[in-house]
Amino acid sequence: MKKKTVLAAVLAVMTGFSLAGCRYDANYYVEEDDPYIASELGAVICYDNLGLGYVNAADTVYRLELTDNKKIDHVSVTAVNKNGESVSADSVAKFDEASGTLTAVGAGTVMLNVCDSKDKVLSSARVQVSPAYPEDPGTQYPLTAKDYTRGQNSLMGGLHDPSLIEIASDDGTSEYYIFSTGWDQGNDIHKSSDLLNWEYVGKPQIARSELEEIYAWLGTETTGYTPSWWAPDIVHASDGGYWLYTCVVDGHPGDTGVWQEIGGERVDYSMACIVLFHADEIDGRYTFEGVLMQSCIPAAGADLDVNAIDPQIITTPDGRMFMAYGSFGTGNYILELNPKTGLRKDNYNRGKWLTPEEVIEQRDNIVNEYNLYQNEYGEKIGWSSDYYGIGISRKNMEAPVIARHDVVIYDDNGQPAEEEKTYYYSMHSFDGLDVGYAMWGGRSEWVEGPYYGVNWHIVMNDGAINKTGNKYMGSFTWADKTSGIDVKLTGHNDLFTNSVGTNLAAYITRTDTYQKLGIASGTVFFSQVHQYTLNAKGDICINPNRYGGEVVRAITDEEFMHFAKDGQFKLVVLGTLGTGIAQSQYISLHEDGSITGAYTGTWDLYGDYFIKLTLEGGETNDTYYGTVMCTWLDDQDCVGMTFTALGRKTEKTIFANSVVG
């Protein structure tokens, strides 16, 4: 999280709403110097809960740095424990006001409130204090039918297409919400205070009168089909309320859609739209604000089209606002929005609904542009139209999400090699909902792209063997696991940064473990939350283990190997073609920097938590840059070490868990 980033939603500085209880996500915030606090406004520190002596002292402290603003008089300190209960601040961390140093003691969150002489809080720093070694999160799957039954568990079973939001209160507590596909009667909503245990709370309150325009477009009144509410995105509105971007499809029970009379011909079309709702409170009543995108896709010949589903919102540091969207057909798109209204910036068609004929005309125009387009570099990426916006990825993928990070690139000695700059990261889900469904993407200096993998390939999925971009996560299983599930597919994810700077990827996980055990008749699904980090080259590395409160901190060689019996790790190599479930293989990391076992090569731990590996021979022959983390291991149900790294040539991700023994 960038220093001097105001914890306020887009346009907060203009609209003046209170920061108390606001949503935090680095992807949705304008950057402005805080007038009172010069240090980070959110941070995570840790304490050595196992007493092993490895934890770097720098990771146990936060230093509050103030500006020279004359209104500052003193700092008040409050705290909550890990259960969200108010406690003495000294039981969580000890604060020395003279030096501005906060030192970790126990689990919880501390608020350092900068006050004036009348005790008015001018600004606050939020510091989460966590154990250096994650403790049992208690979230392993019991392997019963209840695990995956929608709305009947705390493990996000049956939850599809998650969108995360945090409501951070000024007492140090946070509530997280996930809005997701809800199929009939609206999107689903789940709530959590710790990102581990989730409660199903129902659906957004939307009056039937708010849906008339949507249902008219979908043909609901004439067909009798129940519209289906798919992948949403929930973000903070400019007025301090909430904007719910969601997509509604016609709900036809088969693979076809709604008959339309177009040009005197009856054609079977699949109808969809992306619409915007607003609520003053996240659990309040939502009102219809307008339509942003429509699609009318023929049941036959839909290989090249634009699908009005899967909206995701991103803003730039200067407050511009965009929506990424789309599914299969020609690919995914990005469209600029008005950050004051949340609707299209261009107010296309004065915000009125297009007719099916008008949508089809727009579709024909963009397909022609798509077929002919070639940018100045000879790449077939970046085509555009007034209605659809700009193409950011090509062909068979869905669910685009874009994250924003301020990044420093490091050399192989762990020293800064480039000045900090802002990068945008796109992630997309390739292929259909089967074993090949996986998370791919790229990086760009510009929100509108083009996005490239580390080997300067555009993000494209044009058939079984023509897939390019970075493959971040996919199907895999751990060998000899004593807990956990096989991961048959991953995807349709959100990327989210919370109020203390923890980067989270929430995504669908499907598994056939329950089918193999005779519990389910087929594949079942959950959503899971995982932490991700950026490697020395500034690329995303996702922890393959579910989030368990782990801390991104300095790890030494000695500590790294302490949790690996005889230096053993289970290594997963994600194939780029997406066929089959990747099986982990045993490797050994040796003190001399060599790797032996199923793969051979070298490894080097450097900087605070960076790792560089070379693998030799075959399709894995590459140099991989990654990060290491002490985590709760899903496959062994204990604390251990994990690493994730991305290949510089292959654009493949590898990851491994230590064998604890």
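The values are calculated or read from the model by the stated rules, or taken from the named source; none is laboratory data. It should be emphasised that the depicted structure is a prediction, and the values quoted were computed from it without experimental measurement. Ideal geometry is used to build each Cβ from the backbone, glycine not excepted, and the neighbour counts take in all protein chains shown. Accessible surface areas use protein heavy atoms only, side chains included; no ligands, DNA or RNA. Shrake-Rupley method; radii C 1.70, N 1.55, O 1.52, S 1.80 Å.
What number, rounded to the nearest 500 deg cm²/dmol, is the helix-based mean residue ellipticity at 222 nm of the chain, given -39500 (n - 2.57) per DSSP H run of at least four residues and division by all its residues? Each step should come with its number before you reach the end.
On the way: 6 runs with 42 residues, N = 661.
Counting only the DSSP helices, I get -1500 deg cm²/dmol.
Averaged over its residues, the chain has an accessible area of 37 Å² per residue, based on protein heavy atoms and a 1.4 Å probe.
A dipole drawn for the chain from +1 and -1 charges on Cβ atoms has a positive end, and of TYR624, PRO131, GLN205 the residue lying farthest that way is GLN205. Of the residues VAL408, TRP446, SER384, the one whose Cα sits farthest towards the positive end of the charge dipole of the stretch 379-468 is SER384 (charges of +1 on Lys and Arg Cβ, -1 on Asp and Glu Cβ, taken about the Cα centre). Ordered by solvent-accessible area of protein heavy atoms (1.4 Å probe), largest first, the residues ASP412, ASP116 come out as ASP412, ASP116. Extending 7 Å from the Cα toward the beta-carbon at both ASP346 and ASP604 defines two label points whose distance is 5.0 nm. When the chymotrypsin sites (Phe, Trp or Tyr not before Pro) in the stretch 418-522 are filtered for DSSP coil states and for at most 16 other beta-carbon atoms within 10 Å of their beta-carbon, the remaining sites are TRP446, TRP456.
Working from label points 7 Å from Cα in the Cα-to-Cβ sense, the HIS590 to ALA57 distance is 3.6 nm. A simple spin-label model places the labels of LYS649 and LYS421 2.6 nm from each other, with each point 7 Å out along Cα-to-Cβ.
If only the Cβ of Lys and Arg carry +1 and only the Cβ of Asp and Glu carry -1, the dipole of the chain around its Cα centre is close to 340 debye. The stretch 129-206 to the stretch 95-110: how many Å between their Cα centroids? Their Cα centres are 30 Å away from one another.
Annotation: peptides 183-196, 206-219, ranked by per-residue average of other Cβ atoms within 10 Å with the highest first, follow the order 183-196, 206-219.
For the stretch 44-88, the residues whose backbone nitrogen is under 18 Å from a point 7 Å from the Cα of THR556, taken along Cα to Cβ, are 46-61. Dipole size of the stretch 121-166 about its Cα centre, with +1 on Lys/Arg Cβ and -1 on Asp/Glu Cβ: approximately 120 debye, rounded to the nearest 20.
Overall, the accessible surface of the chain at a probe of 1.4 angstrom is composed of carbon and sulfur to the extent of 46 percent. Contact order for the chain, expressed relative to its length and based on alpha carbon pairs under 8 Å spaced 6+ residues apart, stands at 11 percent. Sorting 83-92, 221-230, 308-317 by their mean Cβ neighbour count within 10 Å, with the most densely packed peptide first, gives 308-317, 221-230, 83-92. FRET efficiency for the pair ASP303 and LEU50, taken as 1/(1 + (r/R0)^6) with r the Cβ-Cβ distance and R0 = 60 Å, rounds to 0.60. Rounded if a/c is under 1.5, else prolate if a/b is larger than b/c, else oblate: which is the chain, with a ≥ b ≥ c the root eigenvalues of its Cα gyration tensor? Note, shape of the chain comes out oblate.
Please work out whether the stretch 327-412 counts as rounded, prolate or oblate from its C-alpha gyration tensor, where a ≥ b ≥ c are the square roots of the eigenvalues and a/c under 1.5 means rounded, while otherwise a/b larger than b/c means prolate and anything else oblate? It comes out oblate by the Cα gyration axes. Highest average first, the peptides 156-167, 597-608 ordered by how many other beta carbon atoms sit within 10 Å of their residues are 156-167, 597-608. Putting +1 on Lys and Arg Cβ atoms and -1 on Asp and Glu Cβ atoms, find which of ASN545, TYR54, ALA479 reaches farthest to the positive end of the dipole of the chain. The residue sitting farthest along the positive end of the dipole is ALA479. Taking a ≥ b ≥ c as the square roots of the eigenvalues of the Cα gyration tensor of the stretch 532-661, is the shape rounded (a/c under 1.5), prolate (a/b larger than b/c) or oblate? Cα axes put the stretch 532-661 in the rounded bin.
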